[in-house]
Amino acid sequence: MSASSHDGSEGHEARWVRESLVATEHVLRTRIHDADRSATGLRGDCDLDAADAAVRSAATDRLQVDADEAKALLEQTRAALERLDDGTYGLCVSCGEAVEAARLRALPYAAQCLACKVAGGPSRGGRKPRRA
């Protein structure tokens, strides 16, 4: 879906996409905050034996992985909101062609068409696609 279309159904879909992305952004911020708070709590417990320390270390590592994944997804979500704002949402950042509608419905933050994603195509140095 290109944000440049002015069709009524397209406008409704753009609103849905924006609402979905904003909701995802909120959930991710909460996930990051909760993981950071939990990790801090785990690190604060000093009176552990070796077994407990190993469990705490594994739990802290898992929380860090969760937070890192949420941060990466948050970055993708923010980038999708920027593309929505500048009219390039729905255009592949690698080849400039339209991203499949089904892909965008499943992953509203998708930046690449399926062909470029599968091929591992470069994202043109982070530059946004050209507007059609």
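The values are calculated or read from the model by the stated rules, or taken from the named source; none is laboratory data. In this text the structure is predicted, and so the values were computed from the model without any measurement. Positions of Cβ are backbone-derived with ideal geometry, glycine not excepted, and every protein chain shown enters the neighbour counts. Quick note on the areas: whole protein, heavy atoms, side chains included, nothing else; ligands and nucleic acids left out. Shrake-Rupley method; radii C 1.70, N 1.55, O 1.52, S 1.80 Å.
Brief remarks on what is shown
- Within segment 53-73, residues that are in contact (Cβ under 8 Å) with a residue 40 or more places away in the chain and under 14 Å from D34 (Cβ atoms) reach partners that are basic (K, R) and assigned to a helix (DSSP H, G or I) with beta carbons closer than 8 Å, at six or more positions or on different chains, in the pairs A70/R31.
- Flag for R103 being in a helix (DSSP H, G or I) and open to solvent by 50 Å² or more (accessible area, probe 1.4 Å): no
- Qualifying residue in segment 20-33 (condition: modelled with pLDDT of 80 or more, out of contact with any helix residue (DSSP H, G or I) (no Cβ under 7 Å at 6 or more places or on another chain) and open to solvent by less than 50 Å² (accessible area, probe 1.4 Å)): yes
- Segment 89-106 residues that are closer than 17 Å to G11 by Cα, paired with ones that are basic (K, R) (beta carbon under 6 Å, 6 or more apart): Y89/R83
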